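Here the structure is laid out as structure tokens; the discussion comes afterwards.
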């Protein structure tokens with residue numbers, strides 16, 4: 001089940017976000033970039049997005065949180081599935097949900113894609129439109145693509 005997150009869901013969303021970054025991203029990024037992601041998805045930014053009604057929480061049939069996504073305008077942000085819940089189609093459910101929300105009002109969905117998620121987005125019809133390299137701690141760099149998908153694709 002996917003529901004609009006309430007402030008009482010903050011801990012679950014923070015846990016999903018941090019655990020996914022800490023367990024998956026080090027396979028793709030150096031420590032400085034992983035730390036950048038953790039700072040970017042700060043408690044403050046998660047709380048702000050929840051308070052604006054932008055965050056959604058996916059739970060299993062028993063109400064246990066397994067994933068989250070944020071939809072801000074035509075941007076799909078903070079799409080994370082707990083590492084132990086990956087490979088079950090939950091990310092697809094969250095992306096289907098987020099795209100439906102975006103395409104109700106916009107002709108294009110935009111995602112900032114991590115290296116880990118890029119193959120998933122490519123299979124879904126997203127195209128790279130911009131490549132970014134940002135300096136991170138420890139002399140490391142964070143590399144990511146901005147990807148777009150038109151409505152109806």
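The values are calculated or read from the model by the stated rules, or taken from the named source; none is laboratory data. All values reported here derive from a predicted model rather than from experimental measurement. Counting neighbours? That spans all protein chains shown, and the Cβs are built from the backbone with ideal geometry, glycine included.
Quick check on this structure: which one of 64, 46 is closer than 29 Å to residue 108 by Cβ and either modelled with pLDDT of 95 or more or surrounded by fewer than 17 Cβ atoms within 10 Å (Cβ to Cβ) (or both)?
46
Which residue pairs have Cβ atoms under 7 Å apart, sit 6 or more places apart or on different chains, and have a first residue in the range 123-151 that is at positive phi and free of Cβ contacts under 8 Å to residues at least 12 places away in the same chain and a second that is surrounded by fewer than 13 Cβ atoms within 10 Å (Cβ to Cβ) and part of a helix (DSSP H, G or I)?
Partner pairs satisfying both residue conditions: none exist.
Quick one: count up the residues across the range 33-60 that are farther than 20 Å from residue 98 by Cβ and either within 13 Å of the chain's Cα centre (by Cα) or free of Cβ contacts under 8 Å to residues at least 12 places away in the same chain (or both).
4
Select from the range 70-99 the residues that are in a strand (DSSP E or B) and touching a residue at least 60 places away in the same chain (Cβ under 8 Å) and write down the one among them that is nearest to residue 146 (Cα to Cα).
78
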